[in-house]
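Chemist: Have a look at this one.
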Amino acid sequence: MTHLIYLAAGASRRFGADKLLADYHGRPLFSHGLQTLAEVCAGRRDADLTVVTNTPAIAEAARALDARAVPSPQSALGQSYSIRAGLDAVEPLGAGDFLLFAVADQPRLRAETVRRFLALAVPGTWAATAACGDRVGNPGLFCAALAPALRTLQGDRGGRAVLNRYPERLLRVACASEELEDIDTPADLP
């Protein structure tokens, strides 16, 4: 099973308000990635979707798309807390399970990119990252054996810290450069 975990519990400090509810092309910012992940999971028996959020509107939208919504009460302390909340929701993991973490402030993530990640969720794969040329970013795929390392993350450190420990085992999933762009400030909105 591949557990897609959508991190939508950030503090939006640089944005000045809950950026995930901001309008992005006529819809809330969070809904773009959520729709993409839900579309990929629809009808699959080998993937499920968990949304980590403290925002009722996001939790409601997740449940409407047959995703599990879980809170991250300590997310204001950093991304590592949201990662642990996601892990708590999907554990216990089987030895052949995978974790795909995606972030809610990257609205241009494409379904075909997510499907390429899911195709890599097979025995022998250790981890994978989205990449465009030399630039890497989210999503990130982790085999179940890396869950303990993800649990040791502290503060605002994300899964990149774990991926960087194993560069020789890290696969790259080609994506378009705009898929790696995130929305951090109001100026980043179209």
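Chemist: Defining a contact as two alpha carbons under 8 Å apart and six or more residues distant in sequence, what relative contact order in percent does region 41-135 show?
Modeler: 18
Chemist: Can you show me the helix-derived [θ] at 222 nm for the chain, built from DSSP H runs with n ≥ 4 at -39,500 (n - 2.57) apiece and divided by the number of residues, rounded to the nearest 500.
Modeler: Helix contribution divided over all residues of the chain: -8000 deg cm²/dmol.
Chemist: While we're here: I'd like the antiparallel share, as a percent to the nearest 5, of DSSP beta bridges with both residues in the chain.
Modeler: Taking every DSSP beta bridge with both residues in the chain, the antiparallel ones total about 35 percent.
Chemist: Can you tell me, using C-alpha contacts under 8 Å and at least 6 residues apart, the relative contact order of the chain as a whole percent?
Modeler: 27
Chemist: Then there's this: For a quick check of understanding: with a 1.4 angstrom probe and all protein chains in place, what accessible area in square angstrom does V122 have, to the nearest ten?
Modeler: Solvent-accessible area, nearest 10 Å²: 60 Å².
Chemist: Quick check: the angle from helix 111-120's long axis to the longest principal axis of the chain, C-alpha only, nearest 10 degrees?
Modeler: 20
The values are calculated or read from the model by the stated rules, or taken from the named source; none is laboratory data. No experiment lies behind these values; they were computed from the predicted model shown. Just the protein is used for accessible areas: all its heavy atoms, side chains included, with ligands, DNA and RNA removed. Shrake-Rupley method; radii C 1.70, N 1.55, O 1.52, S 1.80 Å.
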